[in-house]
1. Does region 114-126 contain any residue that is surrounded by fewer than 18 Cβ atoms within 10 Å (Cβ to Cβ) and touching a helix residue (DSSP H, G or I) at 6+ places or on another chain (Cβ under 6 Å)?
2. Return yes or no: is Gly318 within 16 Å of the ligand (Cβ to nearest atom), part of a strand (DSSP E or B) and within 26 Å of the chain's Cα centre (by Cα)?
3. Suppose the filter is at negative phi, within 16 Å of the ligand (Cβ to nearest atom), buried (at least 21 other Cβ atoms within 10 Å of the Cβ) and of a type in the set (Val, Ile, Thr); does Thr480 pass it?
4. Any idea how many residues of region 427-457 are under 24 Å from Asp309 (Cα atoms) and away from the ligand (no atom under 15 Å from the Cβ)?
5. It is to be established whether one or more residues within region 301-312 are more than 16 Å from the ligand (Cβ to nearest atom), farther than 20 Å from Asp462 by Cα and not basic (Lys, Arg).
6. List pairs: first residue in region 331-347 and surrounded by fewer than 19 Cβ atoms within 10 Å (Cβ to Cβ) and assigned to a loop (DSSP other than H, G, I, E, B), second residue modelled with pLDDT of 95 or more and among the β-branched types (Val, Ile, Thr) anywhere in the structure, Cβ distance under 7 angstrom, at least six positions apart or on different chains.
7. Kindly provide the set of residues from region 185-206 that are more than 17 Å from Pro168 (Cβ to Cβ), basic (Lys, Arg) and touching a residue at least 24 places away in the same chain (Cβ under 8 Å), ordered by number.
Amino acid sequence: MKAQLSLLFFLIATGMAAAQPMRATQESKDPIVAAIIGEATNNSQLEQLAYELLDKNGPRLVGTPGMQNAHNWAVEKYKSWGIPAQNEKWGEWRGWERGVSHIDLISPRVKTLEGMQLAWSPSTPKKGVTAEVVILPEAADSVAFQNAVKSVKGKFVLISMNQPTGRPDYNWEEFATPESFEKMKKERVELTEAWNTRIRNTGYNARTLPAALEKAGAAGVITSNWSRGFGANKIFKTYTKEIPSIDLSLEDYGLVYRLAEHGDKPQLRVVAESKELGAMPTFNTIAEIKGTEKPEEYIILSAHFDSWDGSSGATDNGTGTITMMEAARILKKVYPNPKRTIIVGLWGSEEQGLNGSRAFVEDHPEIVKNIQAVFNQDNGTGRVVNLAGQGFLHSYDYLQRWLSAAPYDITKHIETNFPGTPGGGGSDYASFVAAGAPAFNLSSLNWAYGTYTWHTNRDSYDKVVFDDVRSNAILTAILTYMASEDPERSSRDRVVLPVSPRTGEQMKWPTPSSPTRRGGLD
Ligand SMILES: [Zn+2]
């Protein structure tokens, strides 16, 4: 079903764009556009950037050395291209460093399990913790749970539902009889409801339960946050302060769960090393190519630099990051004296609430009020298929003008929506839209982003589709060039927002939010 849907979407997108006049071709008459395409195609640095950022540096969780090292790497990289850059401090965060995660089943048989500690998990001793595994005790209500919870003392506790199948729905849809697919889905709904009741009856929720188990003397908390794809789990943060929090793959979680359910008393040895590093400074990396005619007006290339750390953050948001860096490199080479100033913002801590970009907006009102355009990219490796006007009344005029310079092979995939409505969140463009600055999201074809890579243990280099990323770097560079050259300043006039059918009141333009400047430390 997923494949069919995206094919349909592709056809709609193609059809709509094809109705627009075809203006630019691969052999653009504009020498700068031609040079952008030539440099991106014949001298691409994307693979090298991806290698250095994703493989060599690795994940970029806020407050970790991996994040700090990446900021320093980006500054050096820009300098090697002759682009001045610096790390701007905007706050601080709980510092933590992920060490080894190694999880073994040692009884009733031996098997090394696939899993890892969650972000900010407390460390085990070097030789690890060995203990029996139990399922979260079932209780009639929170009073009964206070008694039942005593049984977890010294044990690892399984607190996620045991999934009835490790096969994604698309696989069932392809091979199961319709009857057995329906039966599985019904069973899964019932299991989910029963598990939610079990959690609710503890008197806690998924966030507060781990601390309650910790207080009851558990050896550790084990989850399995399945992402509904083969082998893919989402890896988020821990809610314990003393004992380790680990996530197991669906397959190994199911194995351990069934052993416990059958009374076979599974024993695990968990080594989950980590280091607390106190308060660590948080940054945005800001690069700048100074404008020559209107240096006080800005085009901002925008991508968040941070990631979750279950894998290397390849598509969230390594691909957005290298798109913007590559576009800047190309522009510096073929368009070194832009009319307006070009800034590349690689934001910290987007994942905890757009913190880096909100800080930039708050700290630089003089820049924000003079923004010609912001181009943000943050939803995976796919080629851009959507561009909306974010509620700016005349966005069609200038965005369409800028887009028309890009090759038809790139724009034919893009469905546009003007004037659209202002985005309230989801990625960093929203920080600028809230401040009234014309900011736009270069929205990507999904490539199973939500299931397989977004915040998962599978968001790695191999998922990058370089041809699509290259197309996005070309698009970004051309839009930036056109926005810089445009004789007109882009309009900030807003649409009159509609009455919300939900509240019956007229919808309001989002307002700027302050960032969290001190995170995870209290
Ligand atoms: Zn992201």
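The values are calculated or read from the model by the stated rules, or taken from the named source; none is laboratory data. Because the structure is predicted, anything quoted here is derived from the model rather than measured. Cβ coordinates were reconstructed from backbone atoms using ideal geometry, including for glycine residues, and neighbour counts include every protein chain displayed.
1. Within region 114-126, one or more residues are surrounded by fewer than 18 Cβ atoms within 10 Å (Cβ to Cβ) and touching a helix residue (DSSP H, G or I) at 6+ places or on another chain (Cβ under 6 Å).
2. So Gly318 does not fit the description; no.
3. Considered against the rule, which asks whether it is at negative phi, within 16 Å of the ligand (Cβ to nearest atom), buried (at least 21 other Cβ atoms within 10 Å of the Cβ) and of a type in the set (Val, Ile, Thr), Thr480 comes out as no.
4. Matching residues across region 427-457 total 4.
5. No; the residues of region 301-312 include none that is more than 16 Å from the ligand (Cβ to nearest atom), farther than 20 Å from Asp462 by Cα and not basic (Lys, Arg).
6. That search, which allows pairs on different chains as well, returns Asn337/Thr292.
7. Within region 185-206, Arg198 is the sole residue that qualifies.
Yes or no, residue by residue, for (1) within 13 Å of the ligand (Cβ to nearest atom); (2) surrounded by 19 or more Cβ atoms within 10 Å (Cβ to Cβ):
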{"position": "Glu350", "(1), (2)": "yes, yes"}
{"position": "Phe392", "(1), (2)": "no, yes"}
{"position": "Tyr396", "(1), (2)": "no, no"}
{"position": "His413", "(1), (2)": "no, yes"}
{"position": "Thr421", "(1), (2)": "no, no"}
